[in-house]
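Contents: one structure, followed by commentary.
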Amino acid sequence: MVKLSVIVPFYNVQQYAPDTLRSLRANAREDFEFILVDDCSRDGTPDILARAERELAGTVRIRHERNGGLATARNTGIDAARGEYLTFLDGDDWLAPGHYPRLLAAIEELGCDFVRTDHVQCTGRARTIQRVPHGRRGVVLDPRRAILPADRSTSVDYPYAWAGVYHRRLVDRGLLHFTDGLRTAEDRPWIWRLHREAESFAAVSLLGVHYRRGVATSLTQIGDVRQLDFIRAFDQVVEETARDRDADRLLPKAVRTYCAIISHHLGAIERFEPAVARRLKSLGAAALRRMPQDVLDEALDSMDVQRATRLRRLRRRPAPTGAAA
């Protein structure tokens, strides 16, 4: 029986894939499987993965015939997974030796739907510990109660899929798949859905995932139109939260976070191609108009002057009919 399925999408990461695969080797166990999803790479990544399939026990290699993006690649892995538990890793990140056995032991001891962990952020040679923004550790809790408060960083603001492990019952309930085709912010609707609809979770103080920042091929470093998928992602967060039984309590958090992300992108608008920058403003204005206006007013009133002014100015901008991400 497969105990843990590890889903690892790869796309044009030949420089980093060997490190990722070596770290998987240092986490292998006979009841683990590694599902390597090649999202139609055009560099040397396919050859590296072909060797891994031969050399790394428990490896399943899948190749997409067209590039679908991270969300679609993860869904491919979820559909192929056989494990009682599932987790994720990105093809340019790596693990500390023995991390997965420790992570599996934690969720089995706690018996909850999912567990969230801290991680190490790696930018060049700098290392920074990033912690789950939830104070209580090793205690099983209701995920819904970790969404609020609206004006502080909470568990839904720590969306990294690879910073945790998930019981198969979440797959069976339709809670673990990502929104197909999202190129960025694919983990935002995902983490919100988990916290609204799963029954139990815990945060644990395990450091094992090393998250590589500043990779040139990462969409976070590319200012093209794919970056604007965050609009689709947060539209989904707001729409689904508006249908929730606790919408009156949870919507202020969803709207405030959406506003903060729009403001963040506007504040760094010079990194976008000119046509994409114009589209960002147009889509951002339309997004503000789609939000519940009373909730939006409260969110803007609660934000600092610089961000609130930026968003109010955008809100007044005429939005083309039918603007959508």
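Any read-out appearing in this document is the output of simple, stated calculations on the displayed coordinates, not a laboratory observation. Everything numeric here is computed off the predicted structure, so don't read it as measured data. FYI the Cβ positions are ideal-geometry reconstructions off the backbone, even for glycines, and counts take in every protein chain you see.
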Rounded tilt (10° steps) of 293-302 against the dominant C-alpha axis of the chain: 80
Dipole axis of the chain (+1 Lys, Arg; -1 Asp, Glu on Cβ), positive-most option in Leu176, Ala254, Phe32: Ala254
³J(HN,Hα) computed for each position of region 61-72 - Karplus, 6.51 cos²θ - 1.76 cosθ + 1.60, integer Hz, glycine/proline x: 10, 10, 10, 6, 7, 9, 6, x, x, 4, 4, 5
Karplus 3J(HN,Hα) series, Hz, for region 224-239 with 6.51 cos²θ - 1.76 cosθ + 1.60 (x for Gly, Pro): 9, 5, 4, 4, 6, 4, 4, 5, 4, 4, 6, 4, 5, 4, 5, 4
Cut-off 12 Å, label 7 Å out along Cα→Cβ of Ser302, residues of region 148-171 by amide N: 148-154
Within the chain: Cβ-based charge dipole about Cα centre, in debye rounded to nearest 20 (Lys, Arg +1; Asp, Glu -1): 960
Dipole of region 4-219, positive end: most advanced residue of Pro97, Val165, Ala126 [Cβ charges, Cα centre]: Ala126
Semi-axis lengths (Å, descending) of the ellipsoid that matches the C-alpha gyration tensor of region 28-171: 28, 18, 16
Computed log₁₀ I(q)/I(0) - Debye formula, equal Cα scatterers, no solvent, region 223-315, q 0.18, 0.21 Å⁻¹: -0.76, -1.01
Globularity ratio of region 35-83, using Cα Rg and 2.2 N^0.38 Å: 1.11
Whole-Hz ³J(HN,Hα) from phi, Karplus 6.51 cos²θ - 1.76 cosθ + 1.60, for region 135-144, glycine and proline x: x, 7, 10, x, 10, 6, 9, 7, x, 4
Rounded to 10°, Cα long-axis angle of helix 247-267 versus longest principal axis of the chain: 90
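When the helix-only estimate is applied to the chain (DSSP H runs of n ≥ 4, each -39,500 (n - 2.57), divided by the residue count), what is the mean residue ellipticity at 222 nm, nearest 500 deg cm²/dmol?
Result for the chain: -12500 deg cm²/dmol, rounded to the nearest 500.
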Sequence-distant residues sharing a close amide H with Tyr211 (under 5 Å, placed H): Val120, Gln121, Cys122
Neighbour net charge for Val295 - beta-carbon separation under 14 angstrom, K R +1, D E -1: -3
C-alpha long axis of helix 274-290 to longest principal axis of the chain, angle in °: 70
Of every Cα-Cα pair in region 1-95, the percent that sits beyond 21 Å: 20
Met291, Met303 arranged by Cβ crowding within 10 Å, fewest neighbours leading: Met303, Met291
Other-chain or far-sequence residues with amide H under 5 Å of Ser41's (modelled H): Asn12
Label point 7 Å beyond Cα of Gln15 along Cβ direction - residues of region 62-105 with amide nitrogen under 20 Å: 70, 90-95
Hydrodynamic radius by Kirkwood, which averages 1/r over all alpha carbon pairs of the chain, in angstrom: 20.5
For region 221-255 versus region 261-277, the gap between their alpha-carbon centres in whole angstrom: 18
Bridge type composition, the chain - antiparallel percent by DSSP, nearest 5: 35
